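Single-structure report; data block below.
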Amino acid sequence: MNHKQSQAIYEEAKQYIPGGVNSPVRSFANVQMTPVFVESGDGAYIKDVDGNIYIDYIGSWGPLILGHNHSIIQEAIKQAMKKGTSFGLPTSIEVDVAKLIVELYPSIDKVRMVNSGTEATMSALRVARGYTKRDKIIKFEGCYHGHSDMLLVQAGSGSLTFGVPTSPGVIKDATKHTLVCTYNDIDSVKHMVQSYKNEIAALIIEPVAANMGLVPAEKEFLQAIRNICDEEGIVLIFDEVISGFRLGLDGAAGYYGIQPDMVCFGKIIGGGLPVGAYAGKAKYMDMVAPSGDIYQAGTLSGNPLAMHVGYAQLNYLKQHPEIYTQVHELTAYFANALRDIVKTYQAPIQVQQLGSLITIFFHKKKVKTYQDVMQCDVAQFHRYFQKMLEKGILLSPSQYEVLFISAAHTKAHIDQTLQAFKEVMEELYG
């Protein structure tokens, strides 16, 4: 494939934008390649500035469950723009979206709109701290909750410890109250809670981890966390920025049958436009200004364009729940066929799938923790990615992300991808 135009744009971009991109995941630096600069998207396809067409499994990292450029989304944008783009005052569509989210998602009473997942998690944790009058929070290795200072941390050497900043510019004081536990390891949580008795305000977790590749929580692990939080007065926060309305209309909470105290949303609730939200039971949310004293604000929060588009997509999914069945069955077919090919070549690869999410880990055994993820053969993943891209299959350029299947994907798209995968496996392991 020819990538000359993308290369030229990238060289210019690096002169004006750090690293030539506005989000690191777009850089393709992980795979030592020039980023694909997009011209347009339609259905299951992306066309780049060089005219190359790819079957797309990135899907804007999750929100495009209906595929690119869906008519429902386009019509919502057109109708909203006729009225204006932003007012700095309330609009009724904000109420409609909040009402719909509360109706669909179990255990929440009220929602506050923000502009990103980072804002959502940061704000939810502030509410939890204000409510409990405690300072410390628990997060898990491998779970990403945005780039606020207190959450950019990792555990040291697999031990249970205070979070150590993982980015220059994040001072130790910003993370000194952030405790890091091991995902899918309830003993690590019990130990931390006992070590800091009556000091922990909140526990935040991706119930379906999708930022270290797809690593679903084990139900027993989540239930044990729910029990501990109840016993210790800790606010349980589900980060469903990716899984919310992706696994189903009731998110991971519905899938597992386990309800959080608060939840963070993004992605799908904006239909591809910038958006985030945090929600919870009234006793927490009524503490947020102007109802209460916990301050949080945003000039463009509840932006009417994002709200109209988000409402259109959520309402469409509510009216057509069969979309979830269709997409989940197609993804399961994809995953099982991938496993069959992997078995044929006896390749050290794990295919992990849940709902419409899937990750192909270059690892010998099932991936359950961050430590497992860190043992993946990243160099082999790079070779795999490059070969798939040249065959017209656009995957995440990182081993640590998930692939997203949409309602625009068909069995023909999946079969074409499987053929490319088989050819690459022959080249790598044949």
Item to check | Length added when fully stretched, E11-T410, from 0.36 nm per residue minus Cα-Cα | outcome: 140.1 nm
Next on the checklist: Between Q380 and A29, how high is the FRET efficiency from 1/(1 + (r/R0)^6) when r is the Cβ-Cβ distance and R₀ = 25 Å? Nearest 0.05.
Outcome noted: 0.90
Checklist entry - Is any residue of the stretch 43-73 close enough, with backbone N under 18 Å, to a label point placed 7 angstrom from the Cα of L249 along the Cα-Cβ axis, and if so, which? => result 65-66
Checklist entry - When the chain is fully extended, how far beyond the present Cα-Cα distance does E39 get from A282, taking 0.36 nm per residue of separation? => result 83.1 nm
Checklist outcome for this item: Taking a probe of 1.4 Å and leaving out DNA, RNA and ligands, the stretch 298-430 shows per residue an accessible area in Å² of 41
Checklist entry - For the stretch 45-110, what is the Kirkwood hydrodynamic radius in Å, using each pair of distinct C-alpha atoms? => result 15.1
Item to check | Pairwise FRET efficiency - H147 versus E390, Cβ, R0 = 22 Å, nearest 0.05 | outcome: 0.10
Next on the checklist: So, R0 is 60 Å and r is the distance between the beta-carbons of S71 and N198; what FRET efficiency does that work out to, to 0.05?
Outcome noted: 0.65
Checklist outcome for this item: Semi-axes (Å, rounded, descending) of the ellipsoid equivalent to the stretch 285-430 per its C-alpha gyration tensor are 37, 21, 14
Next on the checklist: If you take every residue apart from G310 with its C-beta less than 11 Å away from the C-beta of G310, what net charge results, scoring Lys and Arg +1 and Asp and Glu -1?
Outcome noted: -1
Item to check | Distance from the stretch 261-285 to the stretch 59-135 (C-alpha centre basis), Å | outcome: 6
Item to check | Proximal lysines to K422, defined as alpha-carbon separation beneath 23 angstrom and excluding residues fewer than eight positions away on the same chain | outcome: K343, K364, K365, K366, K387, K391, K411
Checklist entry - With the calculation restricted to Cα positions, what are the radius of gyration and Dmax of the chain in angstrom? => result 21.4, 64
Checklist entry - Can you give the extra length, in nm with one decimal, that the chain gains between D173 and K343 once fully stretched, where that is 0.36 nm per residue apart less the Cα-Cα distance? => result 56.3 nm
Checklist outcome for this item: Rounded to whole angstrom, the alpha-carbon centroid of the stretch 27-56 lies from that of the stretch 300-348 at a distance of 20
Checklist entry - Leaving out ligands, DNA and RNA, what percent of the accessible area of the chain is carbon and sulfur, probe 1.4 Å? => result 51
Next on the checklist: Tell me the volume per residue, in Å³, of the convex hull enclosing the alpha carbons of the stretch 203-287.
Outcome noted: 99
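Restricting to DSSP H runs of at least four residues, report the calculated mean residue ellipticity at 222 nm for the chain, -39500 (n - 2.57) per run over all residues, nearest 500 deg cm²/dmol.
Details: 14 runs with 167 residues, N = 430.
Helix-only estimate at 222 nm: -12000 deg cm²/dmol.
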Item to check | Shape of the stretch 134-288, Cα gyration tensor, a/c cut at 1.5 | outcome: rounded
Checklist entry - Semi-axes of the stretch 263-358's equivalent ellipsoid from the Cα gyration tensor, sqrt of 5 times each eigenvalue, largest first, rounded to whole Å? => result 39, 17, 12
Item to check | Sequence-distant residues sharing a close amide H with L64 (under 5 Å, placed H) | outcome: none
Checklist entry - Can you give the alpha-carbon Rg of the stretch 1-101 over 2.2 N^0.38 Å, where N counts its residues? => result 1.37
Checklist entry - Quick one: Karplus J couplings for the stretch 105-116, per residue in order, coefficients 6.51, -1.76, 1.60, θ = phi - 60°, nearest Hz, x for Gly and Pro? => result 9, x, 6, 10, 10, 9, 10, 10, 7, 9, 10, 6
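Which shape class, rounded, prolate or oblate, goes with the stretch 264-315 when its Cα gyration tensor gives a ≥ b ≥ c as root eigenvalues, a/c under 1.5 marks rounded, and past that a/b bigger than b/c marks prolate?
Details: a/c = 2.79, a/b = 1.85, b/c = 1.51.
Prolate, since a/c reaches 1.5 and a/b exceeds b/c.
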Checklist outcome for this item: Here the Kirkwood hydrodynamic radius of the stretch 327-401, Cα-based and in Å, equals 12.9
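My understanding is that a pair violates if its Cα-Cα distance is over 29 Å; which of K110/K219; K110/K176; K136/K219; K190/K283; K110/K267 do that in this structure?
Details: K110/K219 26 Å; K110/K176 31 Å; K136/K219 25 Å; K190/K283 26 Å; K110/K267 19 Å.
Those over the limit are K110/K176.
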Item to check | Cα gyration tensor, the stretch 368-430 - rounded (a/c under 1.5), prolate or oblate | outcome: oblate
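The values are calculated or read from the model by the stated rules, or taken from the named source; none is laboratory data. Bear in mind the structure is a predicted one, so any value in this text is a computation, not a measurement. Reconstructed Cβ throughout: ideal geometry from the backbone, glycine too, with neighbour counts over all protein chains shown. Just the protein is used for accessible areas: all its heavy atoms, side chains included, with ligands, DNA and RNA removed. Shrake-Rupley method; radii C 1.70, N 1.55, O 1.52, S 1.80 Å.
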